[in-house]
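Following: one structure in structure tokens, then a few remarks.
The values are calculated or read from the model by the stated rules, or taken from the named source; none is laboratory data. Here the structure is a predicted model, which is why all the values come from computation and not from measurement. Every residue, glycine as well, gets a Cβ built from its backbone with ideal geometry; the counts of neighbours run over all protein chains shown. We work out accessible area using only protein heavy atoms, side chains counted, and drop any ligands, DNA or RNA first. Shrake-Rupley method; radii C 1.70, N 1.55, O 1.52, S 1.80 Å.
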Amino acid sequence: MRATVRKAEIRVVIVFIAMAALVSCERDFNIELKNNKPQLIVEGYINNLMPSYNYVVLSQSKGFYDPGFENIPVSGAIVTITEGVLLSNNQYQWDETTTRELKEARLPQLRNSALPGFYFDPKLATDSTKALLGKPGKHYLLQIETAGKRYTATTALLMPVEIDSLSSGFYYMDDDEENDTIVEKARVTVHYKDPDTIGNTQLHYWRSWNVRNNFGWGGLNTNRYTTVTDELVNGQYIHFTQPNGFYKGDTVHYMLTSVERKVYNFWDSFNKARRNDGPFSTPVTLKNTIEGEDVTGCFSGFSISMKTIIAH
């Protein structure tokens, strides 16, 4: 009996020792979170089909402790885009006669609304047929001056990979939350032949009913999980079906956008950052293409091939 009591006492002592050890391991840590240095955020585009979608957006990031989440628009900057060519010695030859200065302006395409920090070719408001439009095979220089600092970026407009055709099918039933019903939807497949050169990269965008009134590349639909490279399908005929569904009768304007690798790398890193799973996931660094101090972003050359289909 005494041995049993003694064992019980030992167990109690062990438990208290373990608890004391746990308590003694507790320690307060004061982690000082340094306020990050604000950066200029640049989102610039040049394409070959849609003049109003050639624009530059400038904003400034906020500090960690600043209220709100949206960046601060940067107004009053000097923004220009110049056309040129890449010579055989890998040096650019810029044609200064092509330089266009972009301005913040009210545009009919935007219902005459002013968008702070958005820079467009002013000719969009006066004669859109003469507004800035990219040419496949050319290179473009973006120059920005703001707050006494200068920033530059270059991008190329590749030859577009032409869409052969679009088709719809692969039907499924889905919830229509707006009308609280079940509806049948179709998926759209884009058909095209990949060029017989390695390294082609594309981004896929489309305008359909649910974004018909949106403006800008960010206002279009895009499947952020299906940016495309041709390492495994080089030179092949491709049938690419988007998993997104479309209402029957919906008009879909589909854009196959060819981009150079550095532009692809930026948007691929951007997409990965968007779906980052929090502080315990792998850190993602944006593949910045803008040169300058305290800046991040991308100047994107989009060579577009576009076709339209009515989903049925």
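Residue count for segment 161-176 under the criterion of being open to solvent by 30 Å² or more (accessible area, probe 1.4 Å) and not in a strand (DSSP E or B): the result is 1.
Checked against (1) part of a strand (DSSP E or B); (2) open to solvent by less than 80 Å² (accessible area, probe 1.4 Å); (3) within 25 Å of Gly297 (Cβ to Cβ), Glu145 passes all but condition (2).
Condition check ((1) modelled with pLDDT under 75; (2) in contact with a Gly (Cβ under 8 Å, 6 or more places away or on another chain); (3) small (Gly, Ala, Ser)) across all residues:
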| position | (1), (2), (3) |
| --- | --- |
| Met1 | yes, no, no |
| Val13 | yes, no, no |
| Met19 | yes, no, no |
| Asn35 | yes, yes, no |
| Tyr65 | yes, no, no |
| Pro73 | no, yes, no |
| Thr99 | no, no, no |
| Leu102 | no, no, no |
| Ser113 | yes, no, yes |
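Restricting segment 196-247 to residues that are of a type in the set (Gly, Ala, Ser) and at pLDDT below 90 leaves a set whose member that is farthest from Ser303 (Cα to Cα) is Gly235. Among the residues of segment 208-221, those that are part of a loop (DSSP other than H, G, I, E, B) and either within 18 Å of Ile46 (Cβ to Cβ) or among the acidic types (Asp, Glu) (or both) comprise Phe215, Gly216, Leu220.
Among the residues of segment 177-192, those that are exposed (fewer than 12 other Cβ atoms within 10 Å of the Cβ) and either modelled with pLDDT of 95 or more or part of a loop (DSSP other than H, G, I, E, B) (or both) comprise Glu177, Glu178, Asn179, Asp180.
The criterion of at least 3 residues that are open to solvent by less than 60 Å² (accessible area, probe 1.4 Å) and under 22 Å from Ala153 (Cα atoms) is met, among strands (runs of 3 or more DSSP E) falling completely within segment 75-134, by 78-86.
Close contacts from segment 223-234, counting a first residue that is farther than 16 Å from Arg261 by Cα and assigned to a loop (DSSP other than H, G, I, E, B) and a second that is modelled with pLDDT of 65 or more and open to solvent by less than 30 Å² (accessible area, probe 1.4 Å), with Cβ to Cβ under 7 Å and a gap of 6+ residues or different chains, come to Asn223/His204; Asn223/Gln242; Arg224/Asn271; Val233/Asp194.
Of all residues in segment 248-259, those satisfying the criterion of being in contact with a strand residue (DSSP E or B) (Cβ under 6 Å, 6 or more places away or on another chain), open to solvent by less than 40 Å² (accessible area, probe 1.4 Å) and either modelled with pLDDT under 90 or of a type outside the set (Phe, Trp, Tyr) (or both) are Val252, Met255, Leu256, Thr257, Ser258, Val259.
In segment 284-298, of all residues being closer than 13 Å to Val263 by Cα and free of Cβ contacts under 8 Å to residues at least 24 places away in the same chain, the one that is surrounded by the most Cβ atoms within 10 Å (Cβ to Cβ) corresponds to Asn288.
Just so you know, in segment 206-217 the residues that are in contact (Cβ under 8 Å) with a residue 24 or more places away in the chain and surrounded by fewer than 18 Cβ atoms within 10 Å (Cβ to Cβ) include one that is nearest to Lys262 (Cα to Cα), and it is Gly216. Among the residues examined, Gly301 does not qualify as over 25 Å from Leu166 (Cα atoms), in contact with an Asp or Glu (Cβ under 7 Å, 6 or more places away or on another chain), at pLDDT 95 or above and not in a helix (DSSP H, G or I).
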